């Protein structure tokens, strides 16, 4: 048995947002002794970020960290620089916090082109400016040729929120409605379609975007704790995010397939490649679990934004079958949506 354990190796799927990634994270974090500060949210909760409650103040710091590796570096709708800021800022927003600042670590392979680096750095800086988020610290390293594939950007996001705002993965309540702010699977599918060798002709673009516009539109409901959970369904897609919620909140989530917004191009490409669009990453969408009495009001506020015009209420939270996600299919049956083993498309975020 000991020999079996020692011979286990890290697979690409261990970093892909599903069951195997959970296994890897638990392995890495199991021996951490101090897992939070001032009884805030920490490593134990595995949320989109952590919190540091400030003693004697009604505020708490929200912090998140993310590594970004994507291929190709430039894709329809975005690039590595834009993705790095959007992914980090969105994680802060999903905790109900106002983003304030970023740190940025750029690790570059020897031989990388300065012109390409300039484009990526310009995109990173302009996206941060758009979000009104300062870049306040960072680091740069160069790795020997062949020890890294082009470039990786790692970021830390810092935000602040009122202590009274409780938007967490284990906050779902039976009766809540589930909202998705736009079509699913656009990001991962757009990247896959534009990789060399596939020759898929499509006008599909990544949904990579900062969710501040939507956050501001529903700030009143956030402050009043009418939104119980928010999550951007990145690695693992919608299936991964919903299963994470159901497990942590000990509830079931029932989704109506007919109401899930999916672009025809996404469905066609997924069918062609044998992929499940529910497992494909988004980078500019939010899932929300909201008070059912206010869900229609919240939905209409989201739909008035540019990013949220295709938002839909797609399901509800129930007591039965805790820990499971169920899909009411178009043909009238019901099936489980399982936690994906891993993201089927590597190097997407």
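Quick notes
- Residue ID - modelled with the lowest pLDDT, chosen from residues in the stretch 10-53 that are surrounded by 15 or more Cβ atoms within 10 Å (Cβ to Cβ) and more than 23 Å from the chain's Cα centre (by Cα): 37
- Output for the stretch 290-310, where each listed residue is touching a helix residue (DSSP H, G or I) at 6+ places or on another chain (Cβ under 7 Å) and farther than 15 Å from residue 182 by Cβ: 290, 294
- Evaluating residue 122 against the criteria (1) surrounded by 15 or more Cβ atoms within 10 Å (Cβ to Cβ); (2) under 15 Å from residue 78 (Cα atoms); (3) touching a helix residue (DSSP H, G or I) at 6+ places or on another chain (Cβ under 8 Å) leaves one unmet condition, (1).
- Only one entry of 291, 310 meets the criterion of being surrounded by fewer than 16 Cβ atoms within 10 Å (Cβ to Cβ) and touching a residue at least 40 places away in the same chain (Cβ under 8 Å), and that entry is 310.
- Extreme residue, nearest to the chain's Cα centre (by Cα), among residues of the stretch 241-275 that are closer than 26 Å to residue 23 by Cβ and surrounded by fewer than 16 Cβ atoms within 10 Å (Cβ to Cβ): 250
- Residue ID - nearest to the chain's Cα centre (by Cα), chosen from residues in the stretch 301-319 that are outside any strand (DSSP E or B) and under 22 Å from residue 174 (Cα atoms): 311
The values are calculated or read from the model by the stated rules, or taken from the named source; none is laboratory data. A quick note: this is a predicted structure, and the numbers were derived from the prediction, not measured. No Cβ is skipped: glycine too gets one built from the backbone with ideal geometry, and neighbour counts run over all protein chains shown.
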